[in-house]
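Since the structure comes first, as C-alpha cells, the remarks are kept for the end.
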Amino acid sequence: MIGTATAQQGPHGVLLHVRVRDLPPGKHGLHLHSHGVCEPGEGFKTAKGHVGKVEGAHGLMNPKGPEPGDLPNLYVGSDGVGEMEAYTTLVSLEGGDNALLDADGSTFIIHEKGDDHKSQPIGGAGGRIACGILTAG
C-alpha cells in the first residue's frame, strides 16, 4: 500500500483527500476511473476510462469539459510523499449518472506525469503508476 484516499459526500459534490508515499517526485495526473478493479499486471487498464468519459472533453481547462473523472494534479515532494484535497461537483458517492459507488465501483488512478488539463485523451499524463479502489465505508 502506498497511501490512502477518502471520499466524503457533501451537499453538492464529493470532497476527496489523497495522501501517498514512495512515488517519484513531481506532478502527477490524478483521475477517477469508472471500474473498481486494479490489476497491476494489466498496467491498471482494468480500471477502464474516466468516470463520465466524454470524447474530446478531458481537462479542467478544456472548453468542452471537464469530464466528471478529471481532478487537479497530485504533487509529490522530494521525499516521495504527496497529498491533495479537492472538491468536485461532477460526481456523487451514490445515485446519479456519475456515482462512484455504483455497481462496478470506481478507482483513483495516478499517472506518471502531470496533467496539462487540456490535451486529449489524458492531458499528456502518461502511463498509470498507481491505482486505488473506492469502496463504501
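Only one residue in 122, 129 is touching a residue at least 60 places away in the same chain (Cβ under 8 Å), assigned to a loop (DSSP other than H, G, I, E, B), surrounded by 18 or more Cβ atoms within 10 Å (Cβ to Cβ) and β-branched (Val, Ile, Thr), so which one is that?
Within the list 122, 129, the selection yields 122.
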How many of the residues in the range 5-63 are surrounded by fewer than 18 Cβ atoms within 10 Å (Cβ to Cβ), assigned to a strand (DSSP E or B) and either at positive phi or out of contact with any His (no Cβ under 9 Å at 6 or more places or on another chain) (or both)?
6
The residue from 122, 109, 129 that alone is modelled with pLDDT under 95 and within 13 Å of the chain's Cα centre (by Cα) is 122
Among the residues of the range 106-117, is any polar (S, T, N, Q), part of a loop (DSSP other than H, G, I, E, B) and either without any contact (Cβ under 8 Å) to a residue 60 or more places away in the chain or more than 13 Å from residue 27 (Cα to Cα) (or both)?
no
Could you list, in sequence order, the residues of the range 1-28 that are within 17 Å of residue 77 (Cβ to Cβ) and small (Gly, Ala, Ser)?
3, 26
Which of (1) of a type in the set (A, V, I, L, M); (2) crowded, with 21+ Cβ neighbours inside 10 Å; (3) closer than 13 Å to residue 134 by Cβ does residue 99 not meet, given it meets every other one?
(2)
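The values are calculated or read from the model by the stated rules, or taken from the named source; none is laboratory data. Everything quoted here is computed from the prediction, not taken from an experiment. Positions of Cβ are backbone-derived with ideal geometry, glycine not excepted, and every protein chain shown enters the neighbour counts.
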